[in-house]
Ligand SMILES: CC(C)(COP(=O)(O)OP(=O)(O)OC[C@H]1O[C@@H](n2cnc3c(N)ncnc32)[C@H](O)[C@@H]1OP(=O)(O)O)[C@@H](O)C(=O)NCCC(=O)NCCS
C-alpha cells in the first residue's frame, strides 16, 4: 500500500529518475536546470522546504505532485495557494488510484489548489474529482508581418494568397502608434512594484500576488529563460510593467507577452505598455505577438490594439479552500488576472 508524504532532500535522485521515465530525457534535463530555482528559491517556500508530495512504496518513489506556493488575492483578501505541477505516477502504476491520492493530499494542504496547462490525463482526473473548471485562459495574437497567418499545413500558393489579401489589414493593425507615457527597461523590480500591487491587487477577483519578491524571482532570476521587462513610470513610481521575450517557432518568430500589470482602469497606461511591446517585437523582427489574458478589460484593450482571439490550449482549474466562495465565483474569469507567466507555463 502506497503512502503519501513530503519530499526530503535525499529523495532528489529517485525523483529525477522517475521524471526521466515519465516525461523523457529532454524534459528531465530541463527540469534539472530549473529545479533549485523553481522549488527552493521561491520566496513563498515554506520553512520546512519545497512543497512536494511523494507516493512511496517502501523505499521506492512511485509518484509525485510538486507545487509552486503563491499568495493569492481573492477579491482583495490574501490567502496561501499553490499551483500544482510536474505530477507523475510511474507508468506501470498509473490508473490504480495513486494520482487521486496525490491530488487530494495536495488539496487538503493548500488554501487554493490551482492547475494551469493540463495534460490529457491530469485534465481527466481533475474532471473526475469534480474540481471547478474555469479555463481555458483566452489566447490573443497580434499579427505584425505578412508571415503571421501562415500555416505549415497549407500549400505554398494558399499561404501566398492569404498573405497577399490580408497584408493591408496587417499593415493597418500593426502601424506604429505613439507612447503616451514613460517606459523604462529594468533588470530589477524595486519596492515600488510592491506598492503598485498593494494599490491595484484588490481590483481583481482572483490573482497571484505580484509583489517585488515574486516578480524578481519569477522574471529576473529564472535560470532557463531570459525576459525583457518594461516598466511604466509615473511621477517616478511604477504604474505597470510588461514582461516579454522573443522566440523562434516553426511557423515564424513570435514575441510572447508573458505577463503584465496595470490598474485595470488605467487605459492609457496599459495601451502605452502594449505599444512599447509592439515596437520591441518589430525591432526583433517578430511576425506576431502572442499573449494570454483572462481579465475582460485587458482583453478589450488588447483587441483595440490589433490582437484577435485564437483557440487556447491553456486549460485552467482552480479550487479555493481557505475562504468561502459561491459557485457563481467560478462561472466567469472576466475579473480574474491570469497570464502565461502564471504557474510554470512559460518554460
Ligand atoms: C496524470 C497522472 C499523474 C494520473 O495518475 P494515475 O495514478 O494514473 O491517476 P488515478 O489512477 O488516480 O486516476 C485515474 C483517472 O485519471 C484519468 N486518467 C489517468 N490517466 C489517463 C489517461 N492516460 N488517459 C485519460 N485519462 C486518464 C482518468 O480520469 C482516470 O480515471 P479512470 O481510470 O476511472 O478512467 C498519470 O496519468 C501520469 O503520470 N501521467 C503522465 C504524466 C502527466 O501527464 N502529468 C501531468 C502533467 S500536467
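Numerical summary
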quantity: Three-way shape call for the range 121-203 based on the alpha-carbon gyration tensor, with the a/c threshold at 1.5; calculated: oblate
quantity: On Cα atoms only, tilt of 267-283 relative to the major axis of the chain in degrees; calculated: 90
quantity: Net lengthening on full extension, residue 225/residue 57 (0.36 nm per residue, minus Cα-Cα); calculated: 56.9 nm
quantity: Share of alpha-carbon pairs per 5 Å distance bin for the range 204-347, given as whole %; calculated: 2, 8, 18, 22, 21, 16, 8, 4, 1, 0
quantity: Where labels lie 7 Å past Cα in the beta-carbon direction, separation of residue 167 and residue 30 in nm; calculated: 3.6
quantity: Nearest 10 degrees, 0 to 90: helix 98-108 Cα axis against the chain principal axis; calculated: 70
quantity: Packing rank of 61-70, 186-195, where each peptide gets the mean count of other beta carbons within 10 Å, highest leading; calculated: 61-70, 186-195
quantity: The chain: Cα Rg divided by the 2.2 N^0.38 Å rule of thumb; calculated: 1.04
quantity: Estimated [θ] at 222 nm from DSSP helical runs (n ≥ 4, -39500 (n - 2.57)) normalised by residues in the chain, nearest 500; calculated: -9000 deg cm²/dmol
quantity: Relative exposure of 128, 319, judged by other C-beta atoms within 10 Å (fewest first); calculated: 128, 319
quantity: For the range 71-120, alpha-carbon Rg relative to the globular expectation (2.2 N^0.38 Å, N residues); calculated: 1.37
quantity: Relative contact order %, the range 139-311, counting alpha carbon pairs below 8 Å whose residues are six or more apart; calculated: 31
quantity: Spacing of the two label points (7 Å from each Cα toward its C-beta) at residue 180 and residue 310, in nm; calculated: 2.8
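Read-outs: derived from the displayed coordinates by stated rules, not from any lab. Computed from a predicted model, the values in this text were never measured in an experiment. Cβ sites come from the backbone with ideal geometry, for glycine too, and all protein chains shown count toward neighbours.
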